[in-house]
Amino acid sequence: AMDWKVLTRELSLYLESQVRVGLFGSGVGLSLVLGFGVAYACYYLNSIAKKPQLVASNDRFCRFLEEYCPVVTETYYPTIWCWEGRVQTLLRPFITSRPQVQYRNELIKTADGGQISLDWFDNNDSLYYPDTSTRPTVLLLPGLTGTSKESYILHMIHQSETLGYRCVVFNNRGIAGEDLLTPRTYCAANTEDLEAVIHHVHSLHPSAPFMAAGVSMGGMLLLNYLGKTGRDTPLMAAAIFSAGWNVFESVESLEKPLNWLLFNYYLTTCLQSSISRHRQMLEKLFDMDLVMKARTVREFDKQFTSVMFGYRSIDDYYEDASPCRKLKSVGIPVLCLNSVDDVFSPGHAIPVETAKQNANVALVLTSCGGHIGFLEGIWPRKCTYMDRVFKQFVQAMFEHGNKILSM
């Protein structure tokens, strides 16, 4: 019996050593690893890394972008180990760095007695534009529950700083630590606060070239404003990133089981915590217990947002909030970057045909990138594809915009 135990132990040790030697000593394992690596690289280069689709009906706008904003015509190489849309969306806030930015805060009063918190980055050390009266100004609009502290906003400011521009971040009401003075927050459809901010910033620096960039809901709000004002705006151009084009399609996508688990529930709790601080003020108008029971963005909007802004139904609100309906009226050059794998703005809902009918609009559509993801490079801490599009487009418009504005 003992001999049998010894024999099996010896055999197992021998087999173990053979497997080790066989797999890696003889190169079989190495071949497997290399083979897998080559196959993955081929798949990545053939199916993942692609040039974005540039949708623009205006040849002059196209040529302008190709010359001064070449990033939109170059192959986008998403981070090789996390190119899938949901993974990019989830990882970006944790991976990307947070450049240091010193803000100067300004609170401005609104017509209805409320207040809006603006965070200025004056860039007083600007080498290219030492004269503050003509220093180009970029207005930045963060996403749904975002503020001037978001990493994507800090990166845009960092890019603008190197170019010598001034930035101002429009924080939606009640979200950046300031008190609500009236029982009113914000939504994607109501552009009154944005109009007040644009007018205010322009009145402070009337001779400064003026642009805006909006991300996610900030982009939707900006598009809805531009669709409403046409050419009648002090803005010379705008950049839009990861906007939800059709709110009905966005909420439907976010209600699919996996997306609900990964994004919808968390976003709903973020919305709830952003208003719970103002509970006393809001309780005058809302059944806050009901609002706090919402488990999806749609339920939150039904109980809170649509009611606050006087819509008869949530469908009326979503109809009004969808920028795809206003795109035909946009009257200044607008560049919109979306990834077709963005669960917040599904690819089939991007208004490609409408965009082709407006000479002022260019869509840049990547196959990967998720929602405000656009990670690239092996370890994507610093600069994303989105940051590069922002930098090149803003610089193109401020420095060569007259070539396109005379269209």
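Normalised by residue count, the stretch 148-188 yields a Cα convex hull volume of 84 Å³ per residue. Taking K382, K256 and ordering them by how much accessible surface each has at a 1.4 Å probe, largest first, produces K382, K256. Rounded to the nearest angstrom and listed largest first, the equivalent-ellipsoid semi-axes of the stretch 313-359 from its Cα gyration tensor are 19, 16, 9. From most to least packed by mean Cβ count within 10 Å, the peptides 241-247, 354-360, 86-92, 364-370 give 241-247, 364-370, 86-92, 354-360.
Summing Cβ point charges (Lys, Arg +1; Asp, Glu -1) relative to the Cα centre of the stretch 250-407 gives a dipole of roughly 380 debye.
Put a plus charge on the Cβ of each Lys and Arg, a minus charge on the Cβ of each Asp and Glu, and nothing anywhere else: the dipole of the chain about its Cα centre is then about 320 debye.
Each peptide in 271-280, 204-213 gets a packing score, the mean of other Cβ atoms within 10 Å over its residues, and the list from highest to lowest is 204-213, 271-280. Based on Cα atoms of the stretch 247-321, Rg over Rh with Rh as the Kirkwood radius reads 0.97. Taking all C-alpha pairs of the stretch 332-407, those more than 16 Å from each other amount to 58 percent.
Considering only DSSP beta bridges with both partners in the chain, what is the antiparallel share in %, to the nearest 5?
For the chain, the DSSP antiparallel bridge percentage is about 40.
Over the Cα atoms of the stretch 80-219, the radius of gyration divided by the Kirkwood radius equals 0.99; this is the Rg/Rh ratio. Here the 3J(HN,Hα) profile of the stretch 168-180, calculated from phi with Karplus coefficients 6.51, -1.76 and 1.60 at θ = phi - 60°, is 9, 9, 8, 8, 5, 3, x, 10, 10, x, 7, 7, 7 Hz, Gly and Pro shown as x. Highest average first, the peptides 383-392, 192-201, 331-340 ordered by how many other beta carbon atoms sit within 10 Å of their residues are 331-340, 383-392, 192-201. If the Kirkwood radius is taken over C-alpha pairs of the chain, then at 37 °C and 0.692 mPa s the Stokes-Einstein diffusion coefficient equals 143 µm²/s.
When every Cα-Cα distance of the stretch 278-407 is counted in 10 angstrom steps from zero, the calculated P(r) takes the values 10, 26, 28, 24, 11, 1 percent.
Under a point-charge model restricted to the Cβ atoms of Lys and Arg (+1) and Asp and Glu (-1), what is the dipole moment magnitude of the stretch 247-321 relative to its Cα centre, in debye to the nearest 20?
Charge dipole of the stretch 247-321: 400 debye, to the nearest 20.
Amide H contacts of N105 (H built 1.01 Å from N, in plane; Pro and chain starts excluded): W120 sit under 5 Å, all sequence-distant by 5 or more or on other chains. Between amide H atoms placed 1.01 Å from N, distances below 5 Å from G230 occur with G331, all of them 5 or more places distant or on a separate chain. Helix screen, the chain: DSSP H segments with Cα axial length of 20 Å or more and mean Kyte-Doolittle hydropathy at least -1.0 are 2-20, 28-43, 385-400.
The values are calculated or read from the model by the stated rules, or taken from the named source; none is laboratory data. A quick note: this is a predicted structure, and the numbers were derived from the prediction, not measured. All Cβ positions, glycine included, derive from the backbone under ideal geometry; neighbour counts span all protein chains shown. Calculation scope for accessible area: heavy atoms of the full protein, side chains included, ligands and nucleic acids excluded. Shrake-Rupley method; radii C 1.70, N 1.55, O 1.52, S 1.80 Å.
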